[in-house]
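What follows is a single structure, and I will ask about it in a moment.
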Amino acid sequence: MARYVYYPTRFTAKTPFLLEYFPKGKLLPTAEIDMHSHIHLGIILAGAHDSWSDGYQLHFSSGDVWLTSPLEPHSAIRQSADHEAIVASFLLEDLGNGFTGWELPFLAPFSHGVRERHRLLNSSQRPQLFSLGKKLRDLALIQHPDECSRFEAWLTIHQIYTALLRPFLHAETLPATGTGFERIRPALMLPRKQPGIPVSLETAAKECHLSASRFGELFRTYTGTTFCQYEMRYRLSNAKNAVASSDRPFKEIASEWGFYDASHFLHIFRQYYGVTPGEYRKGKLNF
């Protein structure tokens, strides 16, 4: 079995995303099968490349878009000499943060398997997305971006993702294909379906029609982490957003996102982010 490498990435209120530009001659990483909690949203600006994602080989050419699901194993295989791309990385739970009152179906693309998602993302030519991709590239090339530039990049990512949602709004969800990752996919969505409520290993296993021991084994094999760690990081990330975007008491935020008490929340927060919730709130960027 291939070795999956899990890469944790820490985003903050000031940097809720990462941009990486791949000019001609800069190769996409191909040495390992990559997986992580954050999403990759990429746009091909020139040339072409082939990639592997959860057992399927996909081809992308100029103007095409790719979108990886949280914890979906993937790897680049080959690319053309004139290949050029821009890739944005961010957490699904951070998308739409600050845009209260809007209920966009951000999960819609990830209710589909790899091949169907790829087909719907690239079912038609989208000059608007290609133009937004070039704008994102230009913003990524700014050596010392100020807060306005960072905010503009974050808004552009939202514009791109929102446009990508349209083909999924009325598409029929296809059944799972039976690959290892597809077998645990229903559990990945559970924390997002019932935000703030801790999800047990047994509940997640039942959602996937697996025994707790078999599910735990598969989850660690295909993600490099345990389900309990995964779902706790999801709740913590949302609690972090609540700390940054409000002046609510930490005790209230801790309770809302399923932590035992304020002391437990402070301990976990500091362990993952290196600062206390109070220090984080003082240093936040107001989006």
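The values are calculated or read from the model by the stated rules, or taken from the named source; none is laboratory data. Given the structure is predicted, the values throughout are model-derived calculations rather than measurements. With ideal geometry, Cβ positions are generated from the backbone for all residues, glycine too; neighbour counts draw on all protein chains shown. Surface accessibility is based on the protein's heavy atoms, side chains included, excluding ligands, DNA and RNA. Shrake-Rupley method; radii C 1.70, N 1.55, O 1.52, S 1.80 Å.
Taking 0.36 nm per residue of separation and subtracting the Cα-Cα distance, what length does fully extending A46 through T203 add? Walk me through the numbers before you get to the answer.
Details: separation 157, 0.36 × 157 = 56.52 nm, distance 4.49 nm.
Result for the pair: 52.0 nm of gain on full extension.
Reachable aspartates and glutamates from K135, Cα under 20 Å, same-chain residues fewer than 8 places away excluded?
Counting by Cα, and skipping residues close in sequence, K135 has these aspartates and glutamates nearby: E20, D64, D82, E84, D146, E147, E152.
Provide the FRET efficiency to the nearest 0.05 for the S245-R270 pair, computing r from the beta carbons and using R0 = 22 Å.
Details: r = 19 Å, r/R0 = 0.88.
Efficiency at R0 = 22 Å is approximately 0.70.
Still on this structure: Considering only G25, H59, S69, whose Cα is most displaced toward the positive end of the charge dipole of segment 16-85, charges sitting on Cβ of Lys, Arg (+1) and Asp, Glu (-1)?
Of the listed residues, the answer is G25.
Just the accessible area for D54, please: 1.4 Å probe, Å², rounded to the nearest 10?
10
Moving to a separate point now. Can you spot the lysines whose alpha carbon is less than 17 Å from K193's alpha carbon? Ignore those fewer than 8 places along the same chain.
Filter leaves K206.
List the lysines whose Cα lies under 24 Å from the Cα of K282, skipping any in the same chain that are fewer than 8 positions away.
Result set, ordered by chain and number: K14, K240, K251.
Starting from the Cα of D82, step 7 Å along the direction of its Cβ; do the same at S149; then give the gap between the two resulting points in nm.
About 2.9 nm, to one decimal.
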